[in-house]
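The values are calculated or read from the model by the stated rules, or taken from the named source; none is laboratory data. If you're wondering where the values come from, they're calculated on a predicted model, not measured in any experiment. Glycine gets a Cβ as well: all are built from the backbone with ideal geometry, and neighbour counts include every protein chain shown.
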Amino acid sequence: MATEFDENLYKRALAIAEDVHRHQTRDGGEPYIEHPKRVAKFSFLKYARHLDSAYLAAAVLHDTLEDSDNPNKVYQRIYRECGPTVAAYVDLLSKPAEKHYRNKRYLATLSVAPPGVLMIKLADRIDNLQGLSVGGWKEERVRHYLEDSETLYRLAVDRGFRREAAFLKAPILVEELELRSLSVPGNHKEEENCVQK
């Protein structure tokens, strides 16, 4: 998409994201707002041909509905300040609130969502994979997240976005290797007690 970047739209979206994520931190203690900012930046740098200003605004807002105490109020604010297109993209990027079939429904949505929405999700997952090592997650949760990431990768490839999905494959492989090395007996470094005589 070769449209001119709307800086004011992005600033309005960023202001909403900063309000929603104001007191939130990531697992490593980093202010949460840094994550959606990185997702928007990565999306812009790697997937620009699929994105316009509305998508970049949605990228910085992608977690606001899920992370808000009042998602309806946040949605209305996004709609009012950023327009119906941005609001729709953010809605598509948000997992359903109810847990039953949550991941399946979300992946089904991504399988038919506009390409720009899928690119934002790829960027989001790439950034989340970078933070797994500081997340302190249990092995089972990491395995599940990697399986979901692999499913997302295949979905993007099946939709014809092999090149774009390749950015996701490398972090998946790195995390899988890390997980395997932790699972191999003898790879855990045990503290040695040194007794001085």
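Annotations
- Answer residue from region 16-29, given it is out of contact with any Cys (no Cβ under 8 Å at 6 or more places or on another chain) and touching a residue at least 60 places away in the same chain (Cβ under 8 Å) and is nearest to residue 115 (Cα to Cα) among those: 26
- Considering 99, 104, the condition of being free of Cβ contacts under 8 Å to residues at least 12 places away in the same chain, part of a helix (DSSP H, G or I) and either at negative phi or in contact with a strand residue (DSSP E or B) (Cβ under 9 Å, 6 or more places away or on another chain) (or both) is satisfied by 104 alone.
- Meets criteria (over 19 Å from residue 37 (Cβ atoms), without any contact (Cβ under 8 Å) to a residue 40 or more places away in the chain and hydroxyl-bearing (Ser, Thr, Tyr)) for residue 79: yes
Table: residues versus (1) in a helix (DSSP H, G or I); (2) modelled with pLDDT of 95 or more; (3) touching a strand residue (DSSP E or B) at 6+ places or on another chain (Cβ under 8 Å); (4) farther than 25 Å from residue 132 by Cα.
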residue	(1), (2), (3), (4)
8	yes, yes, no, yes
22	no, yes, no, no
29	no, no, no, no
36	yes, yes, no, no
42	yes, yes, no, no
49	yes, no, no, yes
56	yes, yes, no, no
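- Residue within region 116-128 that is small (Gly, Ala, Ser) and more than 21 Å from residue 91 (Cβ to Cβ) present: no
- In region 67-81, the residues that are more than 15 Å from residue 117 (Cβ to Cβ) and either of a type in the set (Phe, Trp, Tyr) or in a helix (DSSP H, G or I) (or both): 67, 71, 72, 73, 74, 75, 76, 77, 79, 80, 81
- On the stretch given as region 118-169, residues that are aromatic (Phe, Trp, Tyr) and over 24 Å from residue 32 (Cβ atoms) total 2.
- Matching residues, region 1-53, being of a type in the set (Asp, Glu) and farther than 16 Å from residue 65 by Cα: 4, 6, 7, 27, 30, 34, 52
- In region 127-186, residue surrounded by the most Cβ atoms within 10 Å (Cβ to Cβ) [restricted to those that are assigned to a loop (DSSP other than H, G, I, E, B) and at pLDDT 95 or above]: 161
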